[in-house]
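**Student:** Please read through the structure below; I'll follow up with questions.
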Amino acid sequence: MEIRERIMHACRELMAERGLHGLKMDELSARAGISKRTLYRYFPSKDELIATVFEEFMMFMAQEQEKLLASGRDPAELMKEFLQTIFTHSRFITGPNSLRDLQIYYPGLWEKIDRFRLERFKLMLGYFSQYYLKGQDPGIDMRILTAAALASVQAVINPAFLLENNLTFKEAIEQLSQVFLSIFQNRR
């Protein structure tokens, strides 16, 4: 593994354990097996490193979603696989420490993540609509359904709601996904 990848991997591990704010550059360099000087050569600041980790994660997730959407598979199967990919690769984001840190210390980063996930969620809703409805009138204005679905995601899958209600990211996203799948499945 190259130095940059070792740094990124160690960073994700430490964020999963301690959150974003608890990430210490000394500990990160030790975990990556490099000097602190080398770490700063690759990433001049902790904030730049964290932003890069999130950027790469979002690019990875976008690519994974595109592959799944291109497969033409049943939305329930597709959603299950996509959620498994999210759960497997997002531990550094979805732990309570990271969620709290996003809310308190990195609100700008949270806004960027929020925009990304809403964009990605719209693509998923479009896929559900095409797959289940196949040109039929759903009986519901898709603009309203999309707006309601996006508002639900913003209300439920956010650090404040999850922490206040003692829910895990996984619990919340699985239940919300089931709600949206059932809406489309019942419209068939």
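**Student:** Check whether at least one residue in the range 56-77 is closer than 20 Å to THR168 by Cβ, more than 11 Å from the chain's Cα centre (by Cα), at pLDDT below 90 and not charged (D, E, K, R), and report yes or no.
**Tutor:** Within the range 56-77, not a single residue is closer than 20 Å to THR168 by Cβ, more than 11 Å from the chain's Cα centre (by Cα), at pLDDT below 90 and not charged (D, E, K, R).
**Student:** Surrounded by 13 or more Cβ atoms within 10 Å (Cβ to Cβ) and hydrophobic (A, V, I, L, M, F, W, C): which single residue out of MET58, MET1 fits that description?
**Tutor:** Working: MET1 fails: surrounded by 13 or more Cβ atoms within 10 Å (Cβ to Cβ).
Just a single option satisfies the conditions, and that option is MET58.
**Student:** Pick out, from the range 36-129, the helices (runs of 4 or more DSSP H) lying fully within it that include 3 or more residues that are among the aliphatic types (A, V, I, L, M).
**Tutor:** Output list reads 46-70, 75-89, 96-105.
**Student:** Moving on. For the range 40-50, does any single residue satisfy the condition of being open to solvent by 60 Å² or more (accessible area, probe 1.4 Å) and under 11 Å from the mean Cα position of the chain (by Cα)? Steps first, answer last, please.
**Tutor:** Step one: of the range 40-50, the residues open to solvent by 60 Å² or more (accessible area, probe 1.4 Å) are 40-42, 44, 47-48.
Imposing the further condition that a residue be under 11 Å from the mean Cα position of the chain (by Cα) reduces the set to none.
Within the range 40-50 (the criterion being open to solvent by 60 Å² or more (accessible area, probe 1.4 Å) and under 11 Å from the mean Cα position of the chain (by Cα)), the answer is no, since none of the residues qualifies.
**Student:** Ok, one more. Out of (1) in contact with a Ser or Thr (Cβ under 9 Å, 6 or more places away or on another chain); (2) open to solvent by less than 80 Å² (accessible area, probe 1.4 Å), what's the single condition that is false for GLU27?
**Tutor:** If we test GLU27 against (1) in contact with a Ser or Thr (Cβ under 9 Å, 6 or more places away or on another chain); (2) open to solvent by less than 80 Å² (accessible area, probe 1.4 Å), just (1) comes out false.
**Student:** Got at least one residue in the range 142-154 being part of a loop (DSSP other than H, G, I, E, B), surrounded by 14 or more Cβ atoms within 10 Å (Cβ to Cβ) and modelled with pLDDT under 85?
**Tutor:** Taking every residue of the range 142-154 in turn, none turns out to be part of a loop (DSSP other than H, G, I, E, B), surrounded by 14 or more Cβ atoms within 10 Å (Cβ to Cβ) and modelled with pLDDT under 85.
**Student:** Still on this structure, I have one more. Mind checking whether some residue in the range 1-8 is closer than 21 Å to ASN158 by Cβ and either in contact with a Lys or Arg (Cβ under 6 Å, 6 or more places away or on another chain) or touching a residue at least 12 places away in the same chain (Cβ under 8 Å) (or both)?
**Tutor:** Taking every residue of the range 1-8 in turn, none turns out to be closer than 21 Å to ASN158 by Cβ and either in contact with a Lys or Arg (Cβ under 6 Å, 6 or more places away or on another chain) or touching a residue at least 12 places away in the same chain (Cβ under 8 Å) (or both).
**Student:** Show the residue pairs that are 6+ apart or on different chains and have beta-carbon atoms under 6 Å apart, the first residue being within the range 80-106 and closer than 24 Å to ILE7 by Cβ and without any contact (Cβ under 8 Å) to a residue 60 or more places away in the chain, the second being part of a helix (DSSP H, G or I) and not polar (S, T, N, Q).
**Tutor:** Close Cβ pairs (under 6 Å, with a partner that is part of a helix (DSSP H, G or I) and not polar (S, T, N, Q)) amount to THR85/GLU64.
**Student:** It is to be established whether one or more residues within the range 38-53 are within 22 Å of PHE169 (Cα to Cα) and not β-branched (Val, Ile, Thr).
**Tutor:** Within the range 38-53, one or more residues are within 22 Å of PHE169 (Cα to Cα) and not β-branched (Val, Ile, Thr).
**Student:** Which of (1) of a type outside the set (A, V, I, L, M, F, W, C); (2) open to solvent by 30 Å² or more (accessible area, probe 1.4 Å); (3) touching a Phe, Trp or Tyr at 6+ places or on another chain (Cβ under 9 Å) does TYR105 not meet, given it meets every other one?
**Tutor:** (3)
**Student:** Within the range 119-132, which residues are in contact (Cβ under 8 Å) with a residue 12 or more places away in the chain, more than 14 Å from PHE82 (Cα to Cα) and surrounded by fewer than 16 Cβ atoms within 10 Å (Cβ to Cβ)?
**Tutor:** The answer is LYS122, and nothing else.
**Student:** Here is a follow-up. Hey, can you tell me all the residues within the range 37-53 that are closer than 12 Å to ILE3 by Cα and either of a type outside the set (Ser, Thr, Tyr) or in contact with a Phe, Trp or Tyr (Cβ under 9 Å, 6 or more places away or on another chain) (or both)?
**Tutor:** Passing the criteria: LEU39, ARG41, PHE43.
The values are calculated or read from the model by the stated rules, or taken from the named source; none is laboratory data. Treat the numbers as computed from the prediction; the structure is a model and nothing was measured. Backbone-built Cβ (ideal geometry, glycine too); neighbour counts: all protein chains shown. Ligands, DNA and RNA are excluded from the accessible area calculation, which covers all protein heavy atoms including side chains. Shrake-Rupley method; radii C 1.70, N 1.55, O 1.52, S 1.80 Å.
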